[in-house]
Amino acid sequence: MPNLLMQRTLAAAAGIALLAIAGSALAQQPTAAKSAEIAIENFKFVPATLTVAPGTAVTWNNRDEEPHNIVNVDQPRRFRSQAIDGGEKYTFVFDQPGTYKYICAVHPHMEGTVIVK
Ligand SMILES: [Cu+2]
């Protein structure tokens, strides 16, 4: 019985220690990395327009079975992915404020916009 109690005590202490570590990490990094996701579903980007803060890592998650890609249509071009197979992802970090329009070059009717501000 004392062993079980000891294990529980240790587990609780470990949990508190982890919380303390996580708390101090947050305190030291007020601008922790931000992330957002855009799904590719039924030949559409969802949401079609996404607004994020500068520094956000945006990940496109292809839920279709078809390959798609992500091609920024602005000049100069800021990002262009390889073909993303079904079930795969592509991530781009948006550091600069602006409005970024993109398409899937395989299916150019697929359009999306990322607004960074
Ligand atoms: Cu496509």
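Laboratory data are not the source of any read-out in this text; all were calculated from the coordinates shown. All values derive from a computational prediction rather than experimental measurement. Reconstructed Cβ throughout: ideal geometry from the backbone, glycine too, with neighbour counts over all protein chains shown.
Key figures
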{"read-out": "Region 41-56 - residue that is among the aliphatic types (A, V, I, L, M), in a strand (DSSP E or B) and in contact (Cβ under 8 Å) with a residue 60 or more places away in the chain and, of those, nearest to P97 (Cα to Cα)", "value": "V52"}
{"read-out": "Some residue of region 61-68 being under 17 Å from the mean Cα position of the chain (by Cα), away from the ligand (no atom under 16 Å from the Cβ) and either closer than 21 Å to K117 by Cα or assigned to a loop (DSSP other than H, G, I, E, B) (or both)", "value": "no"}
{"read-out": "Selection status of E65, touching a residue at least 12 places away in the same chain (Cβ under 8 Å), out of contact with any Gly (no Cβ under 7 Å at 6 or more places or on another chain) and not β-branched (V, I, T)", "value": "no"}
{"read-out": "Flag for A83 being closer than 18 Å to H109 by Cα, in contact (Cβ under 8 Å) with a residue 12 or more places away in the chain and surrounded by 14 or more Cβ atoms within 10 Å (Cβ to Cβ)", "value": "yes"}
{"read-out": "Residues located in region 48-59, provided they are surrounded by fewer than 16 Cβ atoms within 10 Å (Cβ to Cβ) and touching a Gly at 6+ places or on another chain (Cβ under 8 Å)", "value": "A48, T49"}
{"read-out": "Filter result (of a type in the set (A, V, I, L, M, F, W, C) and free of Cβ contacts under 8 Å to residues at least 60 places away in the same chain) within region 105-115", "value": "A105, V106"}
{"read-out": "Leading residue by the ranking (nearest to the ligand (Cβ to nearest atom)) among those in region 94-106 that are loosely packed, with under 15 Cβ neighbours inside 10 Å and either of a type outside the set (V, I, T) or part of a strand (DSSP E or B) (or both)", "value": "K101"}
